[in-house]
1. Test of understanding: in a Gaussian network model of the chain with alpha carbons linked when under 10 Å, which of 71, 89, 119 would top the mean-square fluctuation ranking?
2. Under a GNM of the chain (C-alpha, springs under 10 Å), which listed residue has the highest mean-square fluctuation: 42, 101, 141?
3. Have a look at 152, 81, 121 and tell me which one the Gaussian network model of the chain (Cα, springs below 10 Å) gives the largest fluctuation.
4. Given the rule -39500 (n - 2.57) for each run of at least 4 DSSP H residues, summed and divided by the residues of the chain, what is its mean residue ellipticity at 222 nm, to the nearest 500 deg cm²/dmol?
5. What percent does the relative contact order of the chain come to when contacts are Cα pairs within less than 8 Å and at least six residues apart?
6. Considering only C-alpha atoms, what is the centroid distance from region 36-96 to region 100-159, in Å?
7. What ranking do 66, 76 get, fewest neighbouring Cβ atoms within 10 angstrom at the top?
8. Just one of [x] 17.0, 59; [y] 23.5, 78; [z] 22.6, 89 is Rg and Dmax of the Cα atoms in Å calculated from these coordinates, so which is it?
């Protein structure tokens, strides 16, 4: 019985520590992108099947789940931008990433919040993520054309690129219409 309690404690502690770690990283990323003294309003956004299926078909990648995390960023009570947090699959494990947009849907910043794969970690670099700045719903998001590939990270590059495109399309449908 004591062993079960110890195992349960370790599992719960790990989950809380893991969740807190991602939350802290997201808040730091939002402040780095939008500046200090911002107000962050968070909601778990349930995706409607019709919208979800439409975006998945356009991008050629399924959503990781039926929910994404939406952050509304305000300064002086005025919305100045948005953040969307989601996961995509790398080779075998999820990659958690955050895309931050201005109020018109243009990408300001993107960041890999949690990378779990043993290879392909170069997609976490600021330089690789900076190439998405300025892209919007009308951008192509084509690896090798307007998105750089990374040797040894082909699966991660393609997966995150499609994930960012998905979130760009999603924002345009849920907020900007």
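1. 119
2. Of the options given, 42 has the highest mean-square fluctuation.
3. 152
4. Dividing the helical sum by the residues of the chain leaves -13500 deg cm²/dmol.
5. 17
6. 15
7. Listed from fewest to most nearby Cβ atoms, that is 76, 66.
8. Answer by label: [x].
Any read-out appearing in this document is the output of simple, stated calculations on the displayed coordinates, not a laboratory observation. The structure displayed is predicted, hence computed values, not measured ones. FYI the Cβ positions are ideal-geometry reconstructions off the backbone, even for glycines, and counts take in every protein chain you see.
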